[in-house]
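Just so it is clear, none of the values below were taken in a lab; they were calculated from the coordinates. Treat the numbers as computed from the prediction; the structure is a model and nothing was measured. Methodologically, a virtual Cβ is constructed for each residue, glycine included, from the backbone with ideal geometry; neighbour enumeration extends over all protein chains shown.
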Ligand SMILES: NC(=O)c1ccc[n+]([C@@H]2O[C@H](COP(=O)([O-])OP(=O)(O)OC[C@H]3O[C@@H](n4cnc5c(N)ncnc54)[C@H](O)[C@@H]3O)[C@@H](O)[C@H]2O)c1
């Protein structure tokens, strides 16, 4: 079913790589014009070029207010309106035991992830309010829904993004603007390779690691899985969905566990049919 975003204009931050790149491609395939923003110029320009006449790339560091404002203005300049804003840019950030994290690294992580999303929402809202329509999509994580899914600063930032999504959804709904977020577990991108293996180039290895640990047997999550969730939230099909956090996590946060038989044996209520699991 192509054409689900026909005539719409989207801005995506962090669009040079991974989830942002996959989402830009999906949105263009579905009929949207996409403005890509990132700090990796060569990659971003190449992605935009590969998407043809329905995409353009601009340098945008999401921690710089004037650059975020400019990026959104470019979107509106090209097409006269803004339908979709996806605040996706991200880093793993500070990674250390809590008693060893440097304040500057903690603050930098929150600056990119939280302040970057805040600025994207702020300027998207300013463009969308007069139109009385729009869909804002923020990138959260399973690390923003539960403890133990990521480093401390990253988890704090992603929890903040879920909160910011809900609060801005409550304010902006009166203008016809919806704000939702997506919470993926590990999906195969350079960021995941960096987070889990310390090497952003280790794409084959991270695919294997994520597939092995997935609750869905042998199935690693992909950037395209997340792009498809973003497509739903961007399209009119989600017209009554607001303030929602859509997980793309193979069930991790709803209780599904890693596809490891050893693990299942250790879950008491799954031992034998007909037994409650509380007998011993
Ligand atoms: N890959 C995963 O496992 C996973 C899981 C949950 C959430 N996420 C989130 O998805 C988003 C995209 O990550 P990804 O996995 O595609 O990683 P990625 O590294 O492939 O892409 C992230 C992009 O963000 C850009 N970026 C970083 N700092 C920026 C800044 N200051 N301004 C503008 N752009 C900047 C990078 O240059 C890069 O192109 C992030 O917010 C991440 O936290 C990823």
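Where does helix 65-79 land angle-wise versus the long Cα axis of the chain, in degrees 0 to 90, nearest 10?
70 degrees
Once R0 is set to 25 Å, what does the formula 1/(1 + (r/R0)^6) return for the Cβ-Cβ distance between residue 50 and residue 211, expressed as a FRET efficiency to the nearest 0.05?
0.40
What FRET efficiency comes out for the pair residue 43/residue 240, r = Cβ-Cβ distance, R0 = 35 Å, nearest 0.05?
Working from the Cβ atoms, E equals 0.45.
Using only Cα atoms, locate the centre of the stretch 132-147 and the centre of the stretch 108-130, then give the distance between them in Å, rounded to an integer.
So the separation of the two Cα centres works out to 12 Å.
Rounded to the nearest 500 deg cm²/dmol, what is the calculated helix-only ellipticity per residue at 222 nm for the chain, with -39500 (n - 2.57) per DSSP H run of length n ≥ 4?
Roughly -13000 deg cm²/dmol at 222 nm, from the helical runs in the chain.
Taking the alpha-carbon set of the chain, what are its Rg and Dmax in Å?
Just the Cα atoms of the chain yield Rg and Dmax of 19.4, 68 Å.
Percent of alpha carbon pairs in the stretch 45-138 separated by more than 15 Å?
The proportion of pairs with Cα distances above 15 Å equals 65 percent.
Work out, step by step, the length gained on full extension between residue 219 and residue 170: first 0.36 nm times the residue separation, then minus their alpha carbon distance; give nm to one decimal.
Separation in residues times 0.36 nm, less the Cα-Cα distance, equals 14.1 nm.
Arrange the peptides 123-136, 18-31 so that the one whose residues have, on average, the most other Cβ atoms within 10 Å appears first.
Most protected by this proxy first, the peptides run 18-31, 123-136.
What full-extension length gain, to one decimal in nm, is calculated for residue 129 and residue 105 as 0.36 nm per residue of separation minus the Cα-Cα distance?
Difference between extended and current length: 5.1 nm.
What is the helix-to-structure angle for 41-50, meaning the angle in degrees between its Cα long axis and the longest Cα principal axis of the chain, kept from 0 to 90 and rounded to the nearest 10?
Relative to the chain, helix 41-50 is tipped by roughly 80 degrees.
Where does helix 203-213 land angle-wise versus the long Cα axis of the chain, in degrees 0 to 90, nearest 10?
50 degrees
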